[in-house]
Amino acid sequence: MIRSVVKGIGTALPERIVKNSDLEGMVETSDEWIVQRTGIRQRYIANENETTVSLGAAAARAALENAGLTPDDIDLIVVATSTPNNTFPASAVEIQKELGMTHGFAFDMQAVCSGFIYAISTADLYIRGGMAQRVLVIGSETFSRILDWNDRSTCVLFGDGAGAIVLEAGEGKGLTSDRGILSANLRSDGSHKHKLFVDGGPSTTQTVGHLRMEGREVFKHAVGMITDVIEASFEETGLTADDIDWFVPHQANKRIIDASAKKLNIAEDKVVITVDQHGNTSAASVPLALGAAVKDGRIKEGDLVLLEAMGGGFTWGAVLLRW
Ligand code: UT7
């Protein structure tokens, strides 16, 4: 059977680092509160010239280089983002142009923080359906542009960045020992809209709007939703928490990550944490964390990797893949 195998990974971060202490002068907050409640120590914030497209293109170039491929080898680009450069065209087609690619096709996916999980699952279906041989899957965000910088309950939580992987059609035996994507489980429930949303848009206010979140409410649902969808992936594949080499969760809050890992019985030293460095970068958080763990040599070929995310909508999902 066809399996979608990861051939390369790349990441890109804005130049500017903003530490918790830098925010103390902007809103009534403290490094101590932010670290204690979230685990975040710093985040990267895009300057005027850095955009979702420029960061996404930089991550894509790095992923292609890592895979030893060129844009000519790519059939499809899927970009997960909630902060596109323009309402349309899709940032994916702008990245396609940045890469000098005039063949194939490209589109954006919008599932907020779960965007990269949704995008991987979509790319996997295009590959297994035979419509694409190689797909660039990118998560790229500039959430700093939709934050209300006077709202301390949200502005300290998010950051900007991008990560990308190249998926390629490979041969598998249909076993969990195959390399590639082994399972993807996606969920959404729109009845939670008002707990995490942006209060503007083209069809309502004709503005971009600002992110609004009832953090405590999101927190209350997060661990249950994350662990439910992961347990569904375990049930589907017959794999268990003991089989996991690396757990690469969405990086929103260290307390949510710790509680999810504990509930699933995943050992602490298998959990990849980057929320301290990047903050919550929404659809970019999982590929940024993956990129960090591949770069420092933790994730190696053949390792079983569990990805998950949960965010606005609510949307949530999990992917099991063998690197
Ligand atoms: O990526 C999408 C998914 N998003 C998430 O997963 C986020 C989920 N939620 C969270 O991570 C947490 O709920 C937060 C980090 C947002 C907040 O932590 P919390 O422990 O739930 O705190 P809280 O909202 O209950 O607020 C506690 C107190 C409040 O003061 P009072 O009412 O107790 O006097 C807040 O006003 O902390 C106050 N507070 C702050 N204090 C200092 C809120 N924001 C800040 C701040 N600095 N930045």
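You will find that of GLY10, GLY56, the residue that is among the small types (Gly, Ala, Ser), in contact (Cβ under 8 Å) with a residue 40 or more places away in the chain, on the phi < 0 side of the Ramachandran plot and assigned to a strand (DSSP E or B) is GLY10 and no other. Output yes when any residue across the stretch 271-286 is closer than 25 Å to SER177 by Cα and in contact (Cβ under 8 Å) with a residue 40 or more places away in the chain, and no when none is. Yes, there is a match, as at least one residue in the stretch 271-286 is closer than 25 Å to SER177 by Cα and in contact (Cβ under 8 Å) with a residue 40 or more places away in the chain.
Restricted to strands (runs of 3 or more DSSP E) entirely inside the stretch 67-172, those with at least 1 residues that are among the basic types (Lys, Arg) and farther than 24 Å from ASP189 by Cβ are 134-142. When residues in the stretch 23-53 are screened for being outside any strand (DSSP E or B) and within 16 Å of the ligand (Cβ to nearest atom), 19 of them pass. Out of ASP258, ASP243, one residue alone is of a type outside the set (A, V, I, L, M) and without any contact (Cβ under 8 Å) to a residue 60 or more places away in the chain. It is ASP258. For the stretch 179-208, the tally of residues that are over 22 Å from the mean Cα position of the chain (by Cα) and either in contact (Cβ under 8 Å) with a residue 24 or more places away in the chain or closer than 25 Å to PHE234 by Cα (or both) stands at 1.
Just to verify a result, which residue in the stretch 154-174, among those that are β-branched (Val, Ile, Thr) and crowded, with 24+ Cβ neighbours inside 10 Å, is nearest to the chain's Cα centre (by Cα)? It comes out as ILE165.
For the stretch 123-142, a residue qualifies if it is buried (at least 20 other Cβ atoms within 10 Å of the Cβ) and either β-branched (Val, Ile, Thr) or touching a Lys or Arg at 6+ places or on another chain (Cβ under 9 Å) (or both), and the qualifying residues are ASP124, ILE127, ARG134, VAL135, VAL137, ILE138, THR142. Can you find a residue in the stretch 1-22 that is under 22 Å from ILE117 (Cβ atoms) and within 16 Å of the ligand (Cβ to nearest atom)? The answer is no, given that none of the residues of the stretch 1-22 is under 22 Å from ILE117 (Cβ atoms) and within 16 Å of the ligand (Cβ to nearest atom).
The rows are residues; the columns are (1) assigned by TED's automatic domain parsing to the domain that holds VAL198; (2) of a type in the set (S, T, N, Q); (3) closer than 25 Å to LYS7 by Cα; (4) touching a Cys at 6+ places or on another chain (Cβ under 8 Å).
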| site | (1), (2), (3), (4) |
| --- | --- |
| SER233 | yes, yes, yes, no |
| GLU268 | yes, no, no, no |
| ALA284 | yes, no, yes, no |
| GLY313 | yes, no, no, no |
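Among the residues making up the stretch 46-65, those that are closer than 16 Å to GLU15 by Cα and among the acidic types (Asp, Glu) are GLU48, GLU50. Kindly provide the set of residues from the stretch 173-191 that are part of a loop (DSSP other than H, G, I, E, B) and either more than 16 Å from the ligand (Cβ to nearest atom) or hydroxyl-bearing (Ser, Thr, Tyr) (or both), ordered by number. Residues satisfying the conditions are LYS173, GLY174, LEU175, THR176, SER177, ASP178, ARG179.
The values are calculated or read from the model by the stated rules, or taken from the named source; none is laboratory data. The shown structure was predicted, so the numbers you read here are calculated from the model rather than taken from an experiment. Here the Cβ is made from the backbone with ideal geometry for all residues, glycine too, and neighbour counts use every protein chain on show.
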